[in-house]
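The values are calculated or read from the model by the stated rules, or taken from the named source; none is laboratory data. Because the structure is a prediction, the values reported are computed rather than measured. A quick note on method: Cβ atoms are made from the backbone with ideal geometry, for glycine too, and the neighbour counts reach across all protein chains shown.
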Amino acid sequence: MKFEILQAKDKATVAHFTVHELSLLSFPDWKSSSVVEMPLNDFAAKCDTINLVDDASTPLTVAVRVRFYLPAPVADRMLCLATDNGADREKASSPTLTWNALLVAVVEEIKHNHVPNDQYIVRISE
Amino acid sequence: MSGNRSTLPDFIATHRFGDKWAVEYTDPTHLPPDKYVGLGVVSFASTVPDTDVDYPILPFTFEPVTAEGLGTTLKSLDDGPKHAGRATKLIRDQLTESLVRVGMLRPVVRLLMDHEIITAFPEILSRLTKHRYVIAVVDTSAVRSGAVSYLHHVLQDVVIWTVVPVFLMTEVQNKVKSLNDKWRKIEDGDDKGKLQQCDVLRNRPSVSCIAAELRQLHAWSPVELLTTPPELLGQPNVDRLIIESVKHLKRERGLHHGVYLVTGDKDMASVASLENVNTLFVGDPTLPTRISSLRYDSRQGAVWMSPIHALLWDLAQVFSTIRFRCLTDGDDRRVELQYYCASRDGFIASDLMEVAGV
């Protein structure tokens, strides 16, 4: 999913990035649209309440490679110990996240980076 | 409950959590014996069936105790009606600080340079990365808040050289003594826990969290201890001392770019910027009602995840004893972390806790 952040006053793009693990298709409200555009505050409110696809054939989760917010030696030691206890190192660093949790994390990042929030618009597309 | 000595990596590797848990603390300096106070509720996203082996760390959300809930609990104590308000604010402030240190909350960051105050975070990152290095001269508030660790995480493409003025260590030394004296009195039974003494929650992290942050920085990044310039010896004002130390450092080493004073003190940041010292202010945000352990970083295209273990570890450094209690019906598992323990042997530089579980 591609995220573009636009200034509300002139719709100039101020930032954009892509989160490959997310897709419009994962969200019932957006799956029939190719582009969705709304004020940042509305987008944040929408993400708080959004419903995921509730279809047995569609996975609700996605394995995402994460970085642990730990000092590097602690993270490394922790992964070594987890491996000794039978965990797969690669899997231990790629937990399964719900799309919703990942989307909320992305929204928080946009809100943090674009203040005041009411002066920005978010455009999402595939 | 007697525990085993544990390091943070050991604790992470040997304890796996799912479902819903309560976080509670007790501290004999200001609470009656065996009185536990709730700090919040942790809910794990238990979406994976084989979590036990492959996923030692699961994402979670933390709902901190509300001011109302905390107030009600504390008012029921002997001297509660008089001190509950102050204690409630203090506890929630310390919770906020812990959540920032473990990366679940983003700190408020302002860059004061070239006579302007930059508030937009992408612009701040752009300025800090300009010279590919940052020399961060830190004060106690910056070390305590984990500001340098935060910079290391968000600026992974920049070399960060941390400069710790030696008088910062003197401040820590002064606090260690008073904290140890208080703890000894409690252990000897000469002092009884009164809520009035809850200030210990503000003072303890100035020793425990600063020691932890310095120990970790030393282990994985360049850190320099800066001795006080001879002409500044005897200067009683610590804020003045640190500002002059930054100027002295720049002058002595011919550094024109990339040197920043890092502080959590707004007044010092303001004064330093008026004296042309580039300053990075790192402060605490407002405590939200629900916090995720996941954080997305659009600049690096990375998802950061904070382990629950790191949060419990940090909270134990602040609140002295943390109990993590499963809330699932029929599941009475509990884990307790104790900061003051035989394993630590009184050394603040030791990164050990006593971890007990049933």
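Condition check: under 24 Å from the mean Cα position of the chain (by Cα) and of a type in the set (Lys, Arg). Does B:LYS177 satisfy that?
When the stated conditions are applied, B:LYS177 passes them.
Keeping to the stretch B:9-29, report how many residues are modelled with pLDDT under 90 and either hydroxyl-bearing (Ser, Thr, Tyr) or within 30 Å of B:LYS192 (Cα to Cα) (or both).
Looking only at that region, the number is 1.
Which residue out of B:VAL172, B:VAL137, B:VAL166 is at pLDDT 95 or above and either within 16 Å of B:VAL262 (Cβ to Cβ) or more than 14 Å from chain A (Cβ to nearest Cβ) (or both)?
Only one candidate qualifies: B:VAL137.
Can you name the helices (runs of 4 or more DSSP H) wholly within the stretch B:25-139 that have at least 1 residues being farther than 28 Å from B:GLU275 by Cβ?
Qualifying helices (runs of 4 or more DSSP H): B:51-54, B:67-75, B:80-101.
Looking at B:PRO32, B:PRO81, which is the one that is more than 22 Å from B:TYR339 (Cβ to Cβ) and surrounded by fewer than 20 Cβ atoms within 10 Å (Cβ to Cβ)?
From the options B:PRO32, B:PRO81, the qualifying one is B:PRO81.
Specify which of the listed residues (B:LEU214, B:LEU179, B:LEU255, B:LEU261) is surrounded by 12 or more Cβ atoms within 10 Å (Cβ to Cβ) and over 22 Å from B:TYR133 (Cα atoms).
Answer to the check: B:LEU179.
I need the full set of residues from the stretch B:5-22 which are farther than 15 Å from A:ALA87 by Cβ and among the charged types (D, E, K, R), in order please.
B:ARG5, B:ASP19, B:LYS20
When you scan the stretch A:63-86, how many residues do you find that are within 7 Å of chain B (Cβ to nearest Cβ), over 19 Å from B:ALA302 (Cβ atoms) and either in contact with a Lys or Arg (Cβ under 9 Å, 6 or more places away or on another chain) or part of a strand (DSSP E or B) (or both)?
Total satisfying the criteria: 1.
If you go through the stretch B:296-309, how many residues are facing chain A (nearest Cβ under 7 Å) and touching a Leu at 6+ places or on another chain (Cβ under 9 Å)?
Count: 6.
Any residue that is under 24 Å from B:THR321 (Cβ atoms), of a type in the set (S, T, N, Q) and more than 17 Å from the chain's Cα centre (by Cα) - is there at least one of those in the stretch B:125-142?
no
Do you know which residues across the stretch A:94-121 are buried (at least 21 other Cβ atoms within 10 Å of the Cβ) and part of a loop (DSSP other than H, G, I, E, B)?
Passing the criteria: A:PRO95, A:HIS114.
Hey, can you tell me all the residues within the stretch B:272-295 that are more than 9 Å from every other protein chain (Cβ to nearest Cβ), in contact with a Ser or Thr (Cβ under 9 Å, 6 or more places away or on another chain), crowded, with 21+ Cβ neighbours inside 10 Å and outside any strand (DSSP E or B)?
Correct list: B:ALA272, B:SER273.
Residues in the stretch B:307-318: is at least one surrounded by fewer than 18 Cβ atoms within 10 Å (Cβ to Cβ) and in a loop (DSSP other than H, G, I, E, B)?
no
Could you give me the residue pairs with C-beta distances under 6 Å whose first residue belongs to the stretch A:19-40 and is closer than 18 Å to A:ILE5 by Cβ, whose second residue is at pLDDT 90 or above and among the β-branched types (Val, Ile, Thr) wherever it lies, and which are 6+ apart or on separate chains?
A:VAL19/A:VAL106; A:TRP30/A:VAL36; A:VAL36/A:ILE124; A:PRO39/A:ILE121; A:LEU40/A:VAL122
Could you check, for the stretch A:30-40, whether at least one of its residues is at pLDDT below 90, in a helix (DSSP H, G or I) and more than 8 Å from chain B (Cβ to nearest Cβ)?
Checking the stretch A:30-40: not a single residue is at pLDDT below 90, in a helix (DSSP H, G or I) and more than 8 Å from chain B (Cβ to nearest Cβ).
Pull out all pairs, ordered by first then second residue, where Cβ-Cβ is under 8 Å, the residues are six or more apart or on different chains, the first lies in the stretch B:19-40 and is free of Cβ contacts under 8 Å to residues at least 24 places away in the same chain, and the second is crowded, with 19+ Cβ neighbours inside 10 Å.
B:ASP34/B:THR26
Would you be able to say whether some residue in the stretch B:199-219 is within 14 Å of chain A (Cβ to nearest Cβ), part of a helix (DSSP H, G or I) and touching a Pro at 6+ places or on another chain (Cβ under 6 Å)?
yes
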